[in-house]
Amino acid sequence: MRLRVLVLTLLVLLFACTHAAAATPPAEPILRIETGMHTALIKRIAVDALGRYLATASDDKTCRVWDIKTGEQLRVLRPPIGHEYEGRLYSVAMSPDGRYVFCGGWSGYGWDKAHSVYIFDRETGQLVRRLTGLPSVVNHLAVSRDGAYLAAVMGEDGLRVWRLSDLALIGQDRDYKGESYGAAFDGKGHLATACYDGAVRLYRVADTGLTLLAKTQTQGGARPFSLAFSPDGSQLAVGFTDTPAVTVLDAETLGLLGAPNLAGVDNGNLATVAFAVDGALLAAGRWVTDRGCPIRSFKPSDYVQYRDLDTGKSAVVALCPLPDGGVAYGTVAPRWGVLRPDGSFGMTRSPAIQDYRSSVRAFYLDRTGETVGYAVGGRKGVYRFALPGRDLRHIDAVTPDMAAPRTQAAGLTVAGWEGGRTLTLNGQPLKMKDFETSFSLAIAPDNRRLILGTSWNVRAYGADGAPLWQTPAPDTVWAVGVSGDGRMVVAAMGDGSIRWYRLEDGRELLAYFPNADGKRWVLWTPTGYYDASPGGEDMIGWNVNNGPDHAADFFPASRFREAFHRPDVVDMVPRALDEDRALAAANVARGGDVRAPSVLTARPPVVEILSPAPGGGFAAPDMAVKYAVRSPGGEDITAVRVLVDGARVLEQRPNLAGRGLEPSVLTSNVALPERDVVLSVVAENKNGPSAPATVKLKWTGRAAAPAAPASKLYVLAIGAGAYADKSLSLTYPAKDAQDFAAAMALQKGKLYSDVVVRTLTDEAATKEAILNGLDWIERQTTQHDVAMIFLAGHGVNDKNGDYYFLPTTVELEKLRASGLPFMEVQKTIRNIAGKTLFFVDTCHSGSIMGASRRGMTDVNGVINELSSAGNGAIVFAASTGRQYSLEKPDWQNGAFTKALVEGVLGKADVKRTGRVTFKMLDLYISERVKELTGGEQTPTTGVPGTVEDFPIAAY
């Protein structure tokens, strides 16, 4: 295969360019949403010849590589990006051997004034080459079946074909009179293309060049979109965007052979076509039925008999046949999936974004605009999120203090705004860009301004129709509203975010992203000051370009937690209507001028595991782990840690000189347990630890014979309720600690060979005793053991946001001297060698809460800190955000501890497996506490990404 020659060629040409770049990508970090899945529609998909890997290209400016069988994300490919459209990916292809991924779209025009195709090494994620100088956006890419050639069709100026052995441009055809979205190779050296000029073209491709063999104007539609050769190369299917039609052509002459049976296809289109390996014709697109958007599958060699295959409710934009007879598909949702040969669902990956399309009229704001309600995905009721208190919950109906957007007002009649491109205000046209589409409308309370949400912008107009301002939107604006006090505009976006803007001039103030799980969220300012729920802070981060010829880096927000986690700044923004003023006010309250450093000067290292490969198997416990580590800012690498299931098994201090973009390749030998594991590597420089590089590995050796439990469980249970300051007194923390310790002591001889407990309650819960207890559990726990720390009592945040647990001897006016700094708990958890679980039920504010309430100023930051990969604890918290946690005589415990003890004693094992895993416990506590408290208390859990579910109790 000629593609094999590409390996050596790419090394020679790594830093070569086909033309000199006029500029470089933006150097400043760019904030992006990152959920582990696409946040915008999937434009194209591609698979390797063996059906192992799937690549997806999206408008969210990433290309992602997946394991088709497991759905695991193997790599995020990040080309350099810019603002607005720059970096959106419209096309992707993969070499037949799966080694290289090719992608393009609106790619490089911002600095080259020409577009590029990026070539990535699939395994490492390295950008190894770019093909530049293209005059228009790259709409589609195709690789020949033998891996010899790459074809690109564009928004204009036609077709380009490269020879992959040396990346030479061997042919082009510029005689295209419209946009082109389709290109396909057969197995005989032919290439077919489709163009919006109505033509299908057929070429012969050879090293000597490109030869046009035939050209025909299509029948059935004016805009042919995609095409596909049958497996034997005798037929060519064509799908259209302007009509629900599919035609089949003779693959040699392009003569019309016929049209398949499209009975019942009466709307949308079947623009996407493919052939399964058995010859069955597949067609899908925006055709909608009462079951969603199916794929119509025709019996091989028979275009009359068909069956419709369910894929869900989103339009299908890409199809790729799989060698086992199944098919992979991508949708606008964004979602990708696999259908088995019998049409049943295989693997599916759904988006983590909320779908606000049903919020156009079901979008609600309170008078200040600081509380927002939104409908999602056809679910009954609405989600309600309040900036004050950070309270997220699902409610059956909106409260009377919340109002939907006004779309009608006396003297203001807006027509055409629901999905229209030609809008009028009182009969006069409203100015928008060509092809810009409006989707949402809100009229301000004073009737002097109206706000439009469009496919590209949030727009404001005066009552006379004069444009006032426009602010580019990250995606389609499905819903807009104006606060009742007329200060802010709030908009729900296609990327899953909700954003606040200043009504006066459209300046963005805040953004909020709720995960589709209904639990995790992150809230941030344009500069990146943020607050987040447990597990939510890494849903945003900074994309940092490394020039036009290197892949970009992504740094999750947690890597800069100390500088950017500023709930106080976030609180001030809606009041100040300006981020700089909010920061100044928050700093005054803190008593100092605190500004975050530049991300560029505070970047941690970047680490990538080179081997073993994700999903790989191992049959012997000893393994050599090969990884590449680099420090983008040039700082020295000071430490490298290898983790297995979140527990540190190896730490090295290599003191490597930082070499910027050039990685150092290291190998570490580790001993793995004889079971499936999650292997992670974390590197550190003076700026802190990297995001972990993680692979999941499968044990393929002989199953070990059942053995007696070998690990020990160490429990430190602390309950502080009988405070010297009587105004702080709580009734049940001591009993909570004792009950938890007693429940875990029952595990001796079951899941653990021994259980060692130390309990500190009431008068014994002094600062000195707690520090000694932390020291004890750190020293005793080995990498084979499990540590559990239970903490119940009061906790407070000081004016700088630092958290203190309150021993019973605390003096609030001497908090620094008498309180227990959270840092002490953090240091202990970081240094514990084994698996660690931290249970926290703390509170603040003394007598103003009453004796039955426990809560804390903000527990979310504590949970995120402790559950980060650097610390590695699984954290169970009694409440979220700024909620109180409750205790009642009826329970003889706090609600959290009552549910926790019930869960570990077996009630969390709803399937009666005989064991309780931490995920089972999380689910049980969540539901049970809501039941006990009538929904007033919401427990939460933080889990490091380096840890898979494991049992913590047996019964």
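No value in this document is a laboratory result; all are computed from the given coordinates. Quick caveat: nothing in here was measured; it's all calculated off a predicted structure. Cβ placement follows ideal geometry from the backbone for every residue including glycine, while neighbour counts extend to all protein chains displayed.
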**Message:** Taking the alpha-carbon distance from Lys380 and a cut-off under 16 Å, which lysines remain once sequence neighbours fewer than 8 residues away in the same chain are dropped?
**Reply:** none
**Message:** Just to verify a number: FRET efficiency for Phe435 and Leu812, C-beta to C-beta distance, R0 = 56 Å, to 0.05?
**Reply:** 0.35
**Complete:** A student asked for the Cα radius of gyration and Dmax of region 712-954 in angstrom ought to give 16.3, 51
**Prompt:** From the residues Ala328, Gly484, Phe564, which one has its Cα farthest along the dipole of the chain in the positive direction, the dipole being from +1 and -1 charges on Cβ of Lys/Arg and Asp/Glu about the Cα centre?
**Reply:** Ala328
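So what's the projected area for region 714-840, the Cα convex hull averaged over all directions, in nm²?
On the way: hull surface 29.5 nm².
Spelled out: convex hull of the Cα atoms, projected over all directions, averaged, 7.4 nm².
Rg/Rh for region 606-699 to two decimals, with Rh computed the Kirkwood way over all alpha-carbon pairs. Let's see the in-between values first.
Numbers: Rg = 13.0 Å, Rh = 13.3 Å.
Rounded to two decimals, Rg/Rh equals 0.98.
Which net charge results when you count Lys and Arg as +1 and Asp and Glu as -1 among the other residues whose beta-carbon is under 12 Å from that of Gly378? If you can, show how the numbers build up before the last one.
Working: positive: Lys313, Arg357, Arg379, Lys380; negative: Asp355.
Neighbourhood net charge equals +3.
Among 547-560, 595-608, what's the highest-first ranking by average C-beta atoms within 10 angstrom per residue?
Numbers: 547-560: 21.4, 595-608: 18.3.
Per-residue mean Cβ counts within 10 Å order the peptides as 547-560, 595-608.
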**Request:** Take the Cβ-Cβ distance between Leu746 and Gln73 as r, set R0 to 51 Å, and report the resulting FRET efficiency rounded to the nearest 0.05.
**Result:** 0.80
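Subtract the Cα-Cα distance of Leu771 and Asp446 from 0.36 nm times their separation in residues, and report this length gain in nm to one decimal.
Numbers: separation 325, 0.36 × 325 = 117.00 nm, distance 5.95 nm.
So the chain would gain 111.0 nm between Leu771 and Asp446.
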**Prompt:** Can you list the lysines whose alpha carbon is less than 24 Å from that of Lys827, not counting same-chain residues fewer than 8 positions off?
**Reply:** Lys686, Lys712, Lys767, Lys799, Lys814, Lys835
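Between Leu212 and Val277, what length comes free when the chain is fully extended (0.36 nm per residue of separation minus the Cα-Cα distance, one decimal in nm)? Present the calculation step by step, with values, prior to reporting the outcome.
On the way: separation 65, 0.36 × 65 = 23.40 nm, distance 2.73 nm.
So the extension gain works out to 20.7 nm.
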**Fill in**
The correct pair for region 230-271, radius of gyration to one decimal and Dmax as a whole number, both in Å and from Cα atoms, is 11.1, 31
**Complete:** Check: C-alpha center region 318-396 vs C-alpha center region 641-663, spacing in Å is 37 Å
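Rank by packing, highest mean first: peptides 356-366, 172-182, with packing defined as the count of other Cβ atoms within 10 Å averaged across residues. Write down the numbers at each step before the final one.
Working: 356-366: 21.7, 172-182: 18.5.
Averaged packing, sorted descending, gives the order 356-366, 172-182.
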**Request:** Could you tell me the distance between the Cα centroids of region 883-941 and region 538-587, to the nearest Å?
**Result:** 35 Å
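For the chain, report the translational diffusion coefficient in µm²/s to the nearest whole number, using Stokes-Einstein at 10 °C, 1.306 mPa s, and a Kirkwood Rh over Cα pairs. Write down the numbers at each step before the final one.
On the way: Rh = 30.1 Å.
My calculation gives 53 µm²/s for D.
Across region 660-761, how large is the tail of the calculated P(r) beyond 22 Å, expressed as a percent of all Cα pairs?
Working: 3247 of 5151 pairs.
Considering region 660-761, 63 percent of its Cα-Cα pairs are separated by more than 22 Å.
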**Prompt:** Using Cα-only point scatterers and the Debye equation, what is log10 of I(q)/I(0) for region 203-286 at each q in 0.13, 0.21, 0.25, 0.26 Å⁻¹, rounded to two decimals?
**Reply:** -0.42, -0.97, -1.24, -1.30
**Request:** List the aspartates and glutamates whose Cα lies under 19 Å from the Cα of Lys696, skipping any in the same chain that are fewer than 8 positions away.
**Result:** Asp67, Glu72, Glu123, Glu608, Asp622, Asp645, Glu674, Asp676, Glu948, Asp949
**Message:** Suppose R0 equals 60 Å. What FRET efficiency, 1/(1 + (r/R0)^6) with r the Cβ-Cβ distance, do Arg393 and Asp250 give to the nearest 0.05?
**Reply:** 0.50
**Asked** What is region 76-210 by shape, rounded, prolate or oblate, if you read a ≥ b ≥ c off the alpha carbon gyration tensor as root eigenvalues and call it rounded for a/c under 1.5, prolate for a/b larger than b/c, and oblate otherwise?
**Response** oblate
**Asked** Want the number for Asn261 to Arg406: 0.36 nm per residue separation, take away the alpha-carbon distance, what's left?
**Response** 47.6 nm
